[in-house]
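**Student:** Right, I'll just put the structure down here and ask away after.
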Amino acid sequence: MRYNARLRIVRALRDNVARYLFFVSELYAFAILRPLQRAIRARGDEAAWFIEKAGLARFLREDEQRLETVAQVRRWRPDAVFVPGNWVPDFFPGLKVEIFHGFNVSKRSDERGHFRVRGWFDLYCTQGPATTQPFLALAERHGYFRVVETGWPKLDPLFSGEYAKLEPQRPTVLYASTFTERLSSARILRDTIARLAAKGEWRWLLTLHPKMAPDVVESYRALAGPNVTFVETDDILQLYVRAHVLLSDTSSVVPEFLMQHKPVVTFRNTRPGPHLLNVESIDEVEPALRRAFEYPDSLRQAIETYTRHIHPYRDGRSSERVLDAAQAAIEQGRRGLKGKPLNLWRRLQARARLGYWGL
């Protein structure tokens with residue numbers, strides 16, 4: 001029996017309610033998936049969470065449903081599994097949907113980075129033209145998955161007015177860094193940030209990637225004081241809204257922050273362009289921040305052009321488009337698609353990670 005035919009039978013038995021599973025491997029997944037959960041609930045459907053790393057379960061909210069074992073997932077039979085990451089258990093039921101953990105910031109080559117396909121997914125929901133066209137070419141080449149441009153669910157709250165009351169009054173800089181050691185500015189800029197914060201001219205918000213080296217995290221946590229707040233959060237969007245300017249490097253937070261049409265100063269970014277105030281030396285950081293606060297028209301226009309290319313949607317409805325794309329893919333089934341790669345080694349690795357050895 002075809003998958004979509006089985007799906008119709010299952011839905012009929014449970015009053016036509018769709019079930020969607022969120023597969024979480026890292027803290028950043030919560031901010032990406034919660035707007036999608038809101039859209040699912042608005043349709044009268046159900047969402048549940050599977051947390052790969054048990055320690056992350058503490059970030060679940062009281063009204064969020066968690067499935068703790070593979071057996072529970074298989075009994076629940078999700079219609080689709082949404083993944084803001086690079087892999088998903090093939091033994092989970094349902095359509096496998098990649099919704100990405102961030103924008104392409106070119107930390108690695110295309111073959112090893114954002115445009116690497118691993119044989120896990122049935123559907124890629126892309127963020128904008130910058131990613132849609134490459135993935136359409138990959139779909140044509142490989143033939144076993146579909147691609148739909150939907151926008152990115154994580155950004156929906158930025159455009160819905162949800163955070164409007166958080167806009168800062170005092171001039172505020174947000175600092176965030178990639179955890180990739182060769183690209184990170186965290187060790188290099190720590191003393192510069194401490195010096196600028198001590199001046200008291202600007203307020204500072206500091207946040208670091210969950211995978212950042214513990215000694216670096218502690219060195220930044222120690223800066224907390226009258227002008228500095230160190231923040232650990234599963235909702236980095238509220239930090240974007242609370243800042244006027246971002247200081248970063250080659251981090252995925254850079255394009256996310258730019259979506260607000262606010263300026264970004266980057267330290268040794270691997271792909272600098274007119275939309276960034278990129279610097280190569282420590283001495284350039286403070287002047288660049290001052291220029292960012294001035295926000296010249298040329299910079300504003302460059303940011304608007306760049307953001308239209310990576311994510312043209314500003315209606316706060318990307319989650320709805322993702323659900324529509326998933327539903328359409330479910331209805332289509334595997335018609336017109338090739339079989340997925342056998343992926344034996346990756347499948348064995350997936351079973352080992354979750355301790356599951358069934359069929």
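**Student:** If you go through the range 129-178, how many residues are touching a residue at least 12 places away in the same chain (Cβ under 8 Å), farther than 24 Å from Ala292 by Cα and crowded, with 16+ Cβ neighbours inside 10 Å?
**Tutor:** Residues meeting the conditions: 19.
**Student:** Considering each of Val81, Val88 in turn, give the residue that is under 30 Å from Tyr240 (Cα atoms), touching a Gly at 6+ places or on another chain (Cβ under 8 Å), at pLDDT 95 or above and buried (at least 22 other Cβ atoms within 10 Å of the Cβ). Break it down stepwise before answering.
**Tutor:** Details: Val88 fails: touching a Gly at 6+ places or on another chain (Cβ under 8 Å).
Exactly one of Val81, Val88 is under 30 Å from Tyr240 (Cα atoms), touching a Gly at 6+ places or on another chain (Cβ under 8 Å), at pLDDT 95 or above and buried (at least 22 other Cβ atoms within 10 Å of the Cβ), namely Val81.
**Student:** Suppose we filter the range 29-73 for residues that are surrounded by 20 or more Cβ atoms within 10 Å (Cβ to Cβ), small (Gly, Ala, Ser) and closer than 21 Å to Ser160 by Cα; how many remain?
**Tutor:** 3
**Student:** Kindly provide the set of residues from the range 266-280 that are under 16 Å from Ser177 (Cα atoms) and not in a strand (DSSP E or B), ordered by number.
**Tutor:** So in the range 266-280, the residues under 16 Å from Ser177 (Cα atoms) come out as 266-272, 276-280.
Arg268, Asn269, Thr270, Arg271, Pro272, Leu276, Glu280 - these are the residues of the range 266-280 that are under 16 Å from Ser177 (Cα atoms) and not in a strand (DSSP E or B).
**Student:** Then there's this: Which of the residues belonging to the range 249-262 are within 16 Å of Ile310 (Cβ to Cβ) and of a type outside the set (Lys, Arg)? So that I can check it myself, show each step before the final result.
**Tutor:** We begin by selecting, within the range 249-262, every residue within 16 Å of Ile310 (Cβ to Cβ); these are 250-262.
Hits for the range 249-262 are Thr250, Ser251, Ser252, Val253, Val254, Pro255, Glu256, Phe257, Leu258, Met259, Gln260, His261.
**Student:** Return yes when Leu196 is in a helix (DSSP H, G or I), modelled with pLDDT of 95 or more and not assigned by TED's automatic domain parsing to the domain that holds Phe59 and no when it is not. Walk me through how you get there before you give the answer.
**Tutor:** On the way: in a helix (DSSP H, G or I): yes; modelled with pLDDT of 95 or more: yes; not assigned by TED's automatic domain parsing to the domain that holds Phe59: yes.
Against the criterion (in a helix (DSSP H, G or I), modelled with pLDDT of 95 or more and not assigned by TED's automatic domain parsing to the domain that holds Phe59), Leu196 qualifies.
**Student:** Does any residue in the range 234-258 that is within 23 Å of Gly85 (Cβ to Cβ) come within less than 7 Å, Cβ to Cβ, of a residue that is of a type in the set (Asp, Glu) six or more places away or on a different chain, and which pairs are these?
**Tutor:** Every condition considered, the pairs that remain are Tyr240/Glu256.
**Student:** At least 3 residues that are over 27 Å from the mean Cα position of the chain (by Cα) in each: list the helices (runs of 4 or more DSSP H) lying fully within the range 282-359 that qualify.
**Tutor:** On the way: elements: 285-294, 297-310, 318-332, 344-354.
So the answer is 285-294.
**Student:** Kindly evaluate Phe103 against the criterion of being assigned to a loop (DSSP other than H, G, I, E, B), in contact with a helix residue (DSSP H, G or I) (Cβ under 7 Å, 6 or more places away or on another chain), of a type outside the set (Gly, Ala, Ser) and modelled with pLDDT under 95.
**Tutor:** Working: assigned to a loop (DSSP other than H, G, I, E, B): yes; in contact with a helix residue (DSSP H, G or I) (Cβ under 7 Å, 6 or more places away or on another chain): yes; of a type outside the set (Gly, Ala, Ser): yes; modelled with pLDDT under 95: yes.
Spelling it out, Phe103 is indeed assigned to a loop (DSSP other than H, G, I, E, B), in contact with a helix residue (DSSP H, G or I) (Cβ under 7 Å, 6 or more places away or on another chain), of a type outside the set (Gly, Ala, Ser) and modelled with pLDDT under 95.
The values are calculated or read from the model by the stated rules, or taken from the named source; none is laboratory data. Just so you know, these numbers come straight off a predicted model, no measurement behind them. Neighbour counts run over all protein chains shown; Cβ positions are idealised from the backbone, glycine included.
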